[in-house]
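Report on one structure; see the data block that follows.
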Amino acid sequence: MAIEKMHNLVQKHIDFETTLDLDGVLATLVENPIYEFHPARLRLEGKENIREFYREHFDYFFPLIKSHTLIQESWDAHSVSMEYDIYLKPPYNPNRPYRIMVALTEQNGLLIGERFYVEDELARLMAGKTFEKFIKF
């Protein structure tokens, strides 16, 4: 896959996330996607589990976001990593940046999943109730 195609795939995924289009997000993923939190080494697999993750993510985490700032990104033909600072609304400190790095890789034109490099507090907020479904590996 060329870098341009990878960019288009990831942008489509991001656009679906931004518009809270759950079916659109899932359509950008392989049949058995894998989402991970690092450094905790927690994994969630399977389309239905990821569907539940995104419901929590959209309903409970997205409304907490005040803003985000892109720090850096790195692209190649099969993967991208993006690093952001996320700022949350009160009752969280709106001036405190939560650093997040996300890595996405593709397989046959679809995303395999996402690897999030975040502190535990942010991982719990991002996953909501599905956090308990993540398995240590």
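The values are calculated or read from the model by the stated rules, or taken from the named source; none is laboratory data. Keep in mind the model is a prediction, meaning the values are calculated, not measured. Reconstructed Cβ throughout: ideal geometry from the backbone, glycine too, with neighbour counts over all protein chains shown. Note: accessible area is taken over every heavy atom of the protein model, side chains too, but ligands, DNA and RNA are not part of it. Shrake-Rupley method; radii C 1.70, N 1.55, O 1.52, S 1.80 Å.
Listed values, structure above:
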read-out: Failed item, numbered, when residue 37 is tested on (1) within 14 Å of residue 122 (Cβ to Cβ); (2) without any contact (Cβ under 8 Å) to a residue 60 or more places away in the chain; (3) assigned to a strand (DSSP E or B); value: (2)
read-out: Filtered residue count, segment 40-49, keeping only those that are touching a Ser or Thr at 6+ places or on another chain (Cβ under 9 Å) and either open to solvent by 40 Å² or more (accessible area, probe 1.4 Å) or in a helix (DSSP H, G or I) (or both); value: 1
read-out: Residue 115, sole failed condition from (1) surrounded by fewer than 16 Cβ atoms within 10 Å (Cβ to Cβ); (2) part of a strand (DSSP E or B); (3) among the basic types (Lys, Arg); value: (1)
read-out: The lone exception for residue 29 - which of (1) closer than 25 Å to residue 76 by Cα; (2) exposed (fewer than 15 other Cβ atoms within 10 Å of the Cβ) it fails; value: (2)
read-out: Residue match in segment 63-77 (condition: open to solvent by 70 Å² or more (accessible area, probe 1.4 Å), among the basic types (Lys, Arg) and not in a strand (DSSP E or B)); value: no
read-out: Some residue of segment 100-112 being in a helix (DSSP H, G or I) and free of Cβ contacts under 8 Å to residues at least 60 places away in the same chain; value: no
read-out: Pair list, Cβ < 6 Å and 6+ apart or interchain, from segment 19-33 residues that are of a type in the set (Gly, Ala, Ser) to residues that are surrounded by 14 or more Cβ atoms within 10 Å (Cβ to Cβ) and in a helix (DSSP H, G or I); value: 24/16
